[in-house]
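S.K.: Structure provided below as structure tokens; questions to follow.
The values are calculated or read from the model by the stated rules, or taken from the named source; none is laboratory data. What you see is a predicted model; the values in this text were computed from it and never measured. Neighbour counts run over all protein chains shown; Cβ positions are idealised from the backbone, glycine included. Accessible surface areas use protein heavy atoms only, side chains included; no ligands, DNA or RNA. Shrake-Rupley method; radii C 1.70, N 1.55, O 1.52, S 1.80 Å.
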Amino acid sequence: AVLILLGPPGAGKGTQARMLQEKFGLVQLSTGDLLRAAVAAGTPAGNQAKAVMDAGGLVSDEIVIAILNERMSQEDCRNGVILDGFPRTTVQAKALDELLTSTGQRINAAISLRVDDSAMVDRISGRSTCAHCGEGYHDTFKPAKDGAACHKCGSTELTRRADDRAETVASRLEAYHAQTAPLISYYEASGVLKSVDAMADIDKVAGEMATVVKSVL
Ligand code: AP5
Ligand code: ZN
């Protein structure tokens with residue numbers, strides 16, 4: 001199975017993808033996480049991507065498609081994947097179609113997380129991530145244990161992302177509207193588009209997501 005999560009920065013793609021991964025045994029595949037890992041490892045792709053990510057722009061299709069193809073070919077992706085943050089351009093969407101055709105897979109659903117732009121700065125500026133297990137938190141909406149420790153693994157190493165500054169969030173939103181939002185029509189045309197109200201609280205959104213996913217698996 002292949003599920004795509006579409007939505008602006010802060011819509012809750014990562015949060016929902018992790019919950020779906022646990023519920024349905026699919027593998028969450030976040031191009032943002034893969035790119036951040038490449039940056040941290042100092043690979044050639046990571047070195048090229050870093051400045052673009054810090055500025056809130058989109059990394060080149062070439063780099064992202066190469067990283068995604070490599071990850072999709074790994075053993076653990078065989079049962080199905082949740083694509084979180086990919087595709088983000090029409091070129092990437094077409095590359096994904098080609099890859100899936102060549103492997104005999106299909107897209108079960110592209111789920112659009114609908115949110116107001118005005119909510120995004122609050123969501124992103126309160127975000128932190130467990131450096132040990134990757135669980136995401138929010139200062140107000142999903143606080144860590146005693147404000148400092150991961151509920152899942154107990155680690156107190158909660159980190160903030162370099163691109164989560166208010167100025168950068170505006171550029172990321174702009175990139176979303178210019179380059180990624182057109183994919184909503186792209187997937188509507190191919191008949192796989194679903195949409196959920198992502199302004200509700202995390203558990204309510206998760207409930208709606210699960211209903212959608214059950215209907216397409
Ligand atoms: P990426 O890592 O994909 O970031 P993003 O798309 O900006 O999305 P976010 O991770 O910020 O948000 P999210 O929707 O996952 O929200 P989350 O669940 O964390 O990309 C980063 C960069 O990498 C890009 O800018 C680009 O440069 C590059 N890149 C990545 N993929 C690329 C591609 N395919 N092509 C080109 N470049 C690419 O939630 C946010 C916060 O809100 C959390 O704190 C959470 O706890 C909270 N929250 C979640 N849901 C709710 C809710 N319902 N109510 C209240 N709070 C909530
Ligand atoms: Zn943790």
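S.K.: Report, by residue number, each residue of region 178-204 that is under 16 Å from the mean Cα position of the chain (by Cα) and part of a helix (DSSP H, G or I).
M.R.: Of everything in region 178-204, those that are under 16 Å from the mean Cα position of the chain (by Cα) and part of a helix (DSSP H, G or I) turn out to be Gln179, Thr180, Leu183, Ile184, Ile202.
S.K.: Which is small (Gly, Ala, Ser) and surrounded by fewer than 20 Cβ atoms within 10 Å (Cβ to Cβ), of Gly46, Gly32? Steps first, please.
M.R.: Values: Gly46 fails: surrounded by fewer than 20 Cβ atoms within 10 Å (Cβ to Cβ).
Matching residue, one of Gly46, Gly32: Gly32.
S.K.: Touching a strand residue (DSSP E or B) at 6+ places or on another chain (Cβ under 6 Å), among the β-branched types (Val, Ile, Thr) and touching a residue at least 24 places away in the same chain (Cβ under 8 Å): is that true of Ile4 in this structure? If you could, list the steps in order and put the result at the bottom.
M.R.: Numbers: touching a strand residue (DSSP E or B) at 6+ places or on another chain (Cβ under 6 Å): yes; among the β-branched types (Val, Ile, Thr): yes; touching a residue at least 24 places away in the same chain (Cβ under 8 Å): yes.
Yes: the conditions hold for Ile4.
S.K.: Scan region 159-169 and tell me whether some residue there is away from ligand 2 (no atom under 14 Å from the Cβ), hydroxyl-bearing (Ser, Thr, Tyr), touching a residue at least 40 places away in the same chain (Cβ under 8 Å) and under 20 Å from Ala17 (Cα atoms).
M.R.: Initial filter on region 159-169 (away from ligand 2 (no atom under 14 Å from the Cβ)): 160-169.
This time we only want the ones that are hydroxyl-bearing (Ser, Thr, Tyr), so: 168.
Narrowing further to those that are touching a residue at least 40 places away in the same chain (Cβ under 8 Å): 168.
Add one more test, that the residue is under 20 Å from Ala17 (Cα atoms), and what stays is none.
Checking region 159-169: not a single residue is away from ligand 2 (no atom under 14 Å from the Cβ), hydroxyl-bearing (Ser, Thr, Tyr), touching a residue at least 40 places away in the same chain (Cβ under 8 Å) and under 20 Å from Ala17 (Cα atoms).
S.K.: I'd like to verify a number: residues in region 142-172 that are under 21 Å from the mean Cα position of the chain (by Cα), more than 21 Å from Ile202 (Cβ to Cβ), of a type in the set (D, E, K, R) and in a loop (DSSP other than H, G, I, E, B), how many?
M.R.: 2
S.K.: So in region 102-132, with the set limited to residues that are of a type in the set (S, T, N, Q) and closer than 20 Å to Ile67 by Cβ, which one is least open to solvent (accessible area, probe 1.4 Å)? Outline the logic, then answer.
M.R.: So in region 102-132, the residues of a type in the set (S, T, N, Q) come out as 102-103, 105, 108, 112, 118, 125, 128-129.
Checking which are closer than 20 Å to Ile67 by Cβ leaves us with 102-103, 105, 129.
Numbers: Ser102: 91, Thr103: 76, Gln105: 66, Thr129: 41 Å².
Within region 102-132, the match that is least open to solvent (accessible area, probe 1.4 Å) is Thr129.
S.K.: Looking at (1) touching a His at 6+ places or on another chain (Cβ under 7 Å); (2) in a strand (DSSP E or B), which one does Leu113 not meet, given that it meets all the others?
M.R.: Exception for Leu113: condition (1).
S.K.: So Pro143 passes all but one of these: (1) in contact (Cβ under 8 Å) with a residue 12 or more places away in the chain; (2) in contact with a Phe, Trp or Tyr (Cβ under 9 Å, 6 or more places away or on another chain). Which condition number does it fail?
M.R.: (1)
S.K.: Which pairs turn up if I take residues in region 23-41 that are farther than 20 Å from Glu75 by Cα and look for partners that are assigned to a strand (DSSP E or B) and open to solvent by less than 30 Å² (accessible area, probe 1.4 Å) with beta carbon separation below 8 Å, at least 6 apart in sequence or on another chain?
M.R.: Filtered contacts from region 23-41: Gly32/Asp84.
S.K.: So, one more: Filter region 140-182 down to residues that are touching a Lys or Arg at 6+ places or on another chain (Cβ under 6 Å), over 27 Å from Gln92 (Cβ atoms) and open to solvent by less than 60 Å² (accessible area, probe 1.4 Å), then give me how many there are.
M.R.: 0
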